[in-house]
Amino acid sequence: MPWKKTKSLLEPGWYFMQGDEACAEGALAAGCRFYAGYPITPASEIMIRMVHRLPEVNGVFIQMEDEIGSISSVIGASWAGAKAMTATSGPGISLMTESIGYAGITETPCVIVDVQRAGPSTGQATRPAQGDIMQVKWGCHGDVEIIAFAPWSVQEMYDLTIKAFNCAERFRVPTFILADEAVGHLRETLLIKEEVEIFDRYKAPGLPPFGTDEPNGVPPMPAFGEGANLLVTGSTHDPWGFRKTADPQIQARLTERLVRKVKDFRAEILLTEGHFLTDAEIGVIAYGFTARAALAAIKKLRQQGIKVGLLRLISIWPFAEEAVAGLGQNCRVIFVPEMNRGQIAGEAKKFTSTPIIPLPKTNGEVFEPAEIVEAIRRNLT
Amino acid sequence: MNPKIMEMINTQAFPTPFCPGCGHGILMNAILRAVAEMEYDLQKMLFVSGIGCAAWIPSPHFKADTLHTLHGRAIAYATGAKLYNPNLKVVVVSGDGDLSSIGGNHLIHGARRNIDLTVICANNSIYGMTGGQVASTTPLGSLTTTTPQGNKEPPFDLCRLVKAAGATFVARQSVATPVPLVRTLKKALAHVGFAFVEVISPCPTQYGRRNAFRSPYELIKYLRENSLSAEKAQGLSPEQLQGKILLGEF
């Protein structure tokens, strides 16, 4: 397997850094050597860090004419052999969505950072939100399986960006960082370790690039210029890339495999974290910046003798359904605070019959621990 | 066809999807002829296309790397591939609707950047694949499925548009005169910078039969009779140039 350990690009040690900057550094450490972007609040700091840092590692930076151009050139660069990334916010994701579907069907590794802001539409550009959870999962027409992670700290902006590149390259799937304005603009300490573990693209000349005999396997990916006569197309194609736009068997096999290659490897992708869960009677599911407030709230409620525990979702897609089902078995009620109108609360309901109480917040402000404490207490009395 | 050209084609993809009388077969031949005469290594070439009939000229026919992208986005995809691997010879082949309407933004910005791409625009002045709708290049008055009373919107002059945006090689040729077409394609391929070649390639199925061209031959004849080289056009009055198609480098 093409896993390897490499030295960190930054000197090991403690740094004080902004979330967006840490995301850029994580990308570089993971081997990202192509970045295309378009200015948008609150993600522009990633682009600014990249324009200065990429030339230092012989990478390529370009500011494109719009977000459609950004994701398009990222996919073109990925097939030319690059580990490639773009970063944006909700409005940019809306524009990129057609190409995200293209990356899905062509199995193009790429990382898309979404520093979420309050929507819909232009909304509140400088305010945090978590409103794009379902957009990145279901924005594309057709069934495209994607991977997404939600960092809650500057450290995770770095670590999860590395993980996102590894997943993108390992599974040949567009992979998202679902950050938000609060964690993107947050400044706190970041530990850079001596080494990082990274996955480099699997090559196997002579094998078909869009299908494999292994039932769950991910096909090898040649690059342009290697003599593979690559046929890359967004139309339905056979394992060698020939368009087959009227063959039901090939359409079925392709769409099933695109979903299966993520679902069958869920164990490699899923990341969750439990806090105070061993004796918890009341569950909280939270992710991203909101999970910080949720954990603080749980500590306060514990002081008051209420047995509350937190299930923090670090990976968002694929969904941690077993963890949610397990939480449901142990708890009599589950609260889900999130900066949207209940997107993850609704998803969680699919996997447990335990009552789920959404705590939606969409005023463009982050959760205060006290309001989660109050909401839980109010619902328990 | 020249056996050397046949070696450059994935013949298992035959027959081509093009209608009888379509200009795109001539253009396919001309592109491969230009590549062969320039002695480029197809294995070091990448052909990027969008969506539409013209996008199927390279994909899957050419024995090279091909990237068949989304509608309008070929130049943006090509930009990423070329920037990351400048050793690739990157050629975009797509249609007028793809490159100048839905993809118009990438066309003008590619030209403005003067990025080293060869862009071949097969202009059939219609949306052929989807059933003959009006395009940004359809001549005034033409009948299409979405202009039943005649097109009332003036078309783009693609060469003037791309030239004004900053392209450093701009030319127009037609499939009715394949020898100068191959000559121009060779110059465009050799050019370092953004090279744009508009190739008039008539669509008898969707354009011709709705506009009193009863056969593909009549369309080719019309092109021959109404084309004029850019040099010969110099000094002619606007009235004398009315309805003429100017060919050559601009």
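What pairs can you find where one residue is in region B:1-14 and more than 27 Å from A:Thr245 (Cα to Cα), the other is among the small types (Gly, Ala, Ser) and surrounded by 11 or more Cβ atoms within 10 Å (Cβ to Cβ), and their Cβ atoms are less than 6 Å apart, with a gap of 6+ or different chains?
Pairs found: B:Lys4/B:Ala36.
I'd like the full set of residues that are surrounded by fewer than 19 Cβ atoms within 10 Å (Cβ to Cβ) and within 7 Å of chain B (Cβ to nearest Cβ), limited to region A:216-227.
A:Gly227
List the pairs whose first member sits in region A:23-44 and is in contact (Cβ under 8 Å) with a residue 60 or more places away in the chain and not assigned by TED's automatic domain parsing to the domain that holds A:Pro12, whose second member is assigned to a helix (DSSP H, G or I) and of a type in the set (Phe, Trp, Tyr), and whose Cβ atoms are under 8 Å apart, counting only residues at least 6 apart or on separate chains?
none
Output the number of residues of region A:334-355 satisfying the condition of being over 22 Å from A:Trp138 (Cα atoms), crowded, with 17+ Cβ neighbours inside 10 Å and free of Cβ contacts under 8 Å to residues at least 60 places away in the same chain.
Quick first cut of region A:334-355, residues over 22 Å from A:Trp138 (Cα atoms) only: A:334-335, A:353-355.
Retained after the next criterion (residues that are crowded, with 17+ Cβ neighbours inside 10 Å): A:334-335, A:354.
Subset that is free of Cβ contacts under 8 Å to residues at least 60 places away in the same chain: A:334-335.
Qualifying residue count, region A:334-355: 2.
In region A:84-105, is there at least one residue being part of a loop (DSSP other than H, G, I, E, B), surrounded by fewer than 24 Cβ atoms within 10 Å (Cβ to Cβ) and in contact (Cβ under 8 Å) with a residue 24 or more places away in the chain?
Here is the first cut: in region A:84-105, the residues part of a loop (DSSP other than H, G, I, E, B) are A:89.
Subsequent filtering for residues that are surrounded by fewer than 24 Cβ atoms within 10 Å (Cβ to Cβ) retains none.
No, that holds for no residue.
Which of the numbered conditions does A:Arg257 fail, given that it passes all the others? Conditions: (1) crowded, with 18+ Cβ neighbours inside 10 Å; (2) part of a loop (DSSP other than H, G, I, E, B).
Looking at each condition in turn, A:Arg257 falls short on (2).
Mind listing whichever residues of region A:74-116 are charged (D, E, K, R) and touching an Asp or Glu at 6+ places or on another chain (Cβ under 9 Å)?
Of everything in region A:74-116, those that are charged (D, E, K, R) and touching an Asp or Glu at 6+ places or on another chain (Cβ under 9 Å) turn out to be A:Lys83, A:Asp114.
Looking at region A:106-141 only, could you name the residues that are part of a loop (DSSP other than H, G, I, E, B) and either at positive phi or not small (Gly, Ala, Ser) (or both)? Steps first, answer last, please.
So in region A:106-141, the residues part of a loop (DSSP other than H, G, I, E, B) come out as A:106-109, A:119-123, A:129-132, A:139-141.
If the condition is that a residue be part of a loop (DSSP other than H, G, I, E, B) and either at positive phi or not small (Gly, Ala, Ser) (or both), then A:Thr106, A:Glu107, A:Thr108, A:Pro109, A:Pro120, A:Ser121, A:Thr122, A:Gly123, A:Gln130, A:Asp132, A:Cys140, A:His141 are the ones that fit.
Hey, can you tell me all the residues within region A:258-316 that are free of Cβ contacts under 8 Å to residues at least 40 places away in the same chain and among the aromatic types (Phe, Trp, Tyr)?
A:Phe276
When the residues of region B:61-89 are narrowed to those that are more than 7 Å from chain A (Cβ to nearest Cβ), part of a helix (DSSP H, G or I) and of a type outside the set (Val, Ile, Thr), which ends up farthest from A:Tyr35 (Cα to Cα)?
My answer is B:Ala74.
Step by step: first the residues of region B:19-50, then only those that are within 15 Å of the chain's Cα centre (by Cα), of a type outside the set (Ser, Thr, Tyr) and over 16 Å from B:Pro178 (Cβ atoms), then the one that is nearest to the other protein chains (Cβ to nearest Cβ). Which residue is that? Explain how you work it out, then say what you get.
The first filter runs over region B:19-50 and keeps only residues within 15 Å of the chain's Cα centre (by Cα), leaving B:22-32, B:34, B:47-50.
Still in the running and of a type outside the set (Ser, Thr, Tyr): B:22-32, B:34, B:47-48, B:50.
Now narrow it down to the ones that are over 16 Å from B:Pro178 (Cβ atoms): B:47-48, B:50.
Working: B:Phe47: 10, B:Val48: 7, B:Gly50: 10 Å.
Ranking the candidates gives B:Val48 first.
Return the residues of region B:38-60 that are outside any strand (DSSP E or B) and under 16 Å from B:Leu189 (Cβ atoms); say none if nothing qualifies. Spell out the reasoning first.
Within region B:38-60, the first condition is being outside any strand (DSSP E or B), and the residues that meet it are B:38-44, B:50-60.
Answer for region B:38-60, where residues must be outside any strand (DSSP E or B) and under 16 Å from B:Leu189 (Cβ atoms): B:Met38, B:Glu39, B:Tyr40, B:Asp41, B:Leu42, B:Gln43, B:Lys44, B:Ile57, B:Pro58.
Quick one: A:Pro239 ticks every box in (1) more than 14 Å from chain B (Cβ to nearest Cβ); (2) closer than 30 Å to B:Phe47 by Cβ except a single one, so which number is it?
So A:Pro239 meets the others, but not (1).
Which condition from (1) over 29 Å from A:Gly364 (Cα atoms); (2) crowded, with 17+ Cβ neighbours inside 10 Å; (3) not aliphatic (A, V, I, L, M) is the one that A:Arg292 breaks?
(1)
Taking only region A:180-205 into account, find how many residues are surrounded by fewer than 15 Cβ atoms within 10 Å (Cβ to Cβ), out of contact with any Pro (no Cβ under 9 Å at 6 or more places or on another chain) and more than 30 Å from A:Asn340 (Cα to Cα).
Total satisfying the criteria: 1.
Please go through (1) closer than 28 Å to A:Gly184 by Cα; (2) within 24 Å of the chain's Cα centre (by Cα); (3) small (Gly, Ala, Ser); (4) part of a helix (DSSP H, G or I) for A:Ala325 and return the number of the only condition it doesn't satisfy.
Every listed condition holds for A:Ala325 apart from (1).
Please verify whether A:Val232 is of a type in the set (Val, Ile, Thr) and surrounded by 19 or more Cβ atoms within 10 Å (Cβ to Cβ), treating the condition exactly as stated. Before you say what the answer is, go through the steps one by one.
Values: of a type in the set (Val, Ile, Thr): yes; surrounded by 19 or more Cβ atoms within 10 Å (Cβ to Cβ): yes.
Criteria met by A:Val232.
The values are calculated or read from the model by the stated rules, or taken from the named source; none is laboratory data. These numbers were taken from a predicted model, which means no experiment stands behind them. As a convention, Cβ positions derive from the backbone with ideal geometry for all residues, glycine included, and neighbour counts pool all protein chains shown.
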